[in-house]
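Since every read-out is calculated from the coordinates, none of them should be taken as a lab result. Values in this document were obtained by computation on a predicted structure and should not be read as measured data. Using ideal geometry, Cβ is built from the backbone for each residue, glycine included, and neighbour counts are taken over all protein chains shown.
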Amino acid sequence: MKKIGKFLKENPVVCGVAGSFLVVGIMAAYQFVESHTTVDPKYITQELAQAETQAVINDPKVVASYLVEAVKVQDLDKALRGMAIDESILNISLANLINEAGEFYTEMEIAPSGSYSNYNELAAAELAGEYTANLENLTAQLKEAGEFQVEEICYVDPKQQLEPEKLSGNSKILENWGGDCLTELMVWISCEEEDYLLGLTMAHYGDSWKVLSLGSALTDTTAEAPMRKTTEEEFAALKGTMKEKDYKKQLQKKNLDNTLFEDTGLTDEDIEEMRLPANYFVLNPLREDTAESTIEAFVRSIQKEDMGRALAYCMGESSEEVEHTDAAILKEQEEIAEMVKRFCYGFLGDDYSEDEASLQSIGKSGRKIVQELDPKYFMYFDLTESVLLQDDGKEQQYAVLFWYAGETYVVGMTLEESDGGWYIRSLSSEDMGTEPGEIRLVSEEKLEELEKREIEK
């Protein structure tokens, strides 16, 4: 210490220059980190940039008209805004769903965002992708049917919807997915040669109705096939005999809510121009300069519980290609979210397999499973080493080693160079024989084997 002090006194100029370089270096490093961490992982497409014209719709029949209009003109953005995406991710009770099913596997439901808000982006990506696929099926059905017009929108058999057994079943759905009331509607669609019935299940949230699901139980339609052939006679029979105003009055009384239905006064022209608030996102693909720095950035995003950023490091499209809300992109985001979800579950709980999905074989309740998936534990896992297994120039495969809860884990990762940077094409490695998102415990023997296999870049 004395020698250092003497050097500082004898060489003030040198020390000043060195200090200046040190400050500049620190500032440069800070700016580099900031530039790599402050880039917004969300991209505002031309469709998302369209402002809302209607904040809420408190009439389920108007929501049905809104959805049909969106599908008719193939406006995916508009249609998605009518679906209960935000409402579901905020209210889902994964524990209830697990207990009711008596089983659990990773792909079974969306991430437990109702319990932990840090999963919101994972759940939103999953739901948006699922709704997109269902809307595509509906669009395909309508295209096959040809030119069509809407003849009538009405509630399905109101009297049956008010039966205690039906109301009880609806209550369970609401407990699992949120909302304060449920109703089923049907749309009579006439084409040149056939008549069709479109079933819809609507949920009420505060002062607004949203489409919880395409398809409805009472019309024998599903989310995957929400429309089927019908006849005028069958449609009339499904309407039942109860007057609409009596049904609405009784439903409001049963829900102790006098604001379930409001006369919006909206015309068909109003609905054509209507657009609800945006409730989904499109990822802005993120890149880093090297494969290893991309792995580090991805892991850091998980540790910080920034799921949107983690997902963005797995997106293959370039930023220039992400201009529109596109079905293919939303379905890709869903696949990525499911992959990242499996990665998270593998650390926090287990690699829940569909082959051993019963709660008896798992040995846990739904509540216990969800408790173990608390994202606050992400901060405790450490990236220890990235072992390069294959290097094909623009593609590299790694065995990525983690230390968590006293154990060493390995995750296969395949990265690709694109648009001047690297992204994670898959949280898997063909070389290791791992599936996307799969986590494996590593023995000391296997660890030594992996480290011996590492190749030089």
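Taking a ≥ b ≥ c as the square roots of the Cα gyration tensor eigenvalues, with a/c under 1.5 meaning rounded and otherwise prolate when a/b beats b/c, else oblate, which class fits the stretch 193-251?
oblate
By other beta-carbon atoms within 10 Å, ranking Glu272, Glu438 with the fewest at the front produces Glu272, Glu438.
Taking the C-alpha atoms only, the angle from helix 327-348 to the longest principal axis of the chain is near 60 degrees. Note on Lys253 and Gln371: the model spin-label points, each 7 Å out from Cα along the C-beta direction, lie 4.4 nm apart. Among Phe148, Phe298, a tally of other beta-carbon atoms within 10 Å of each Cβ gives an order, fewest to most, of Phe148, Phe298.
Per-residue extension of 0.36 nm, minus the Cα-Cα distance of Glu233 and Glu273, leaves a gain of 11.1 nm for this segment.
Based on the alpha-carbon gyration tensor of the stretch 330-384 and its eigenvalue square roots a ≥ b ≥ c, which shape applies: rounded if a/c is under 1.5, prolate if not and a/b is larger than b/c, or oblate? Verdict is oblate for the stretch 330-384.
In straight-distance terms, cross-link reach from Lys254 covers every one of the lysines whose alpha-carbon lies under 30 Å from its own, apart from those fewer than eight places away in the same chain; here that gives Lys61, Lys159, Lys166, Lys172, Lys210, Lys239, Lys243, Lys245. Relative to the longest principal axis of the chain, what angle (0 to 90°, nearest 10) does the C-alpha long axis of helix 291-303 take? Result, in degrees: 60. When Rg and the Kirkwood Rh are both derived from Cα coordinates, the Rg/Rh ratio for the stretch 101-239 amounts to 1.00.
Shape call for the stretch 285-453 from the C-alpha gyration tensor, a ≥ b ≥ c root eigenvalues: rounded (a/c under 1.5), prolate (a/b greater than b/c) or oblate? In terms of gyration-tensor shape, oblate. Between Ser168 and Glu193, the FRET efficiency estimated from the beta carbon spacing at R0 = 60 angstrom works out to 0.90. The calculated pair-distance distribution of the chain uses every alpha carbon pair, bins of 10 angstrom beginning at 0, and gives 4, 18, 24, 21, 16, 9, 4, 2, 1, 0, 0 percent. When Phe261, Phe235 are sorted by how many other C-beta atoms sit within 10 angstrom of their C-beta, beginning with the fewest, the order is Phe235, Phe261.
On the basis of the beta-carbon distance and an R0 of 56 Å, Ser418 and Val150 show a calculated FRET efficiency of 0.80. What residues from the stretch 383-410 fall in the zone where the backbone N is under 13 Å from a label point 7 Å along the Cα-to-C-beta line of Lys446? The answer is 399-402, 407-410, whose backbone nitrogens lie closer than 13 Å to the label point. Where only DSSP H runs of four or more residues are counted, the chain gives -13500 deg cm²/dmol as its mean residue ellipticity at 222 nm, each run worth -39500 (n - 2.57).
Mark the label point 7 Å from the Cα of Glu100 along Cα→Cβ and return the residues of the stretch 181-212 whose backbone N is within less than 19 Å of it. Flagged as within label range: 181-185, 200-206, 210-212. Which lysines, if any, have their Cα less than 23 Å from the Cα of Lys304, not counting same-chain residues under 8 positions apart? Within the straight-line cut-off, Lys304 pairs with Lys42, Lys341, Lys376. Modelled spin-label separation between Glu354 and Thr53, with each label point placed 7 Å from Cα along the Cα-to-Cβ direction: 4.2 nm.
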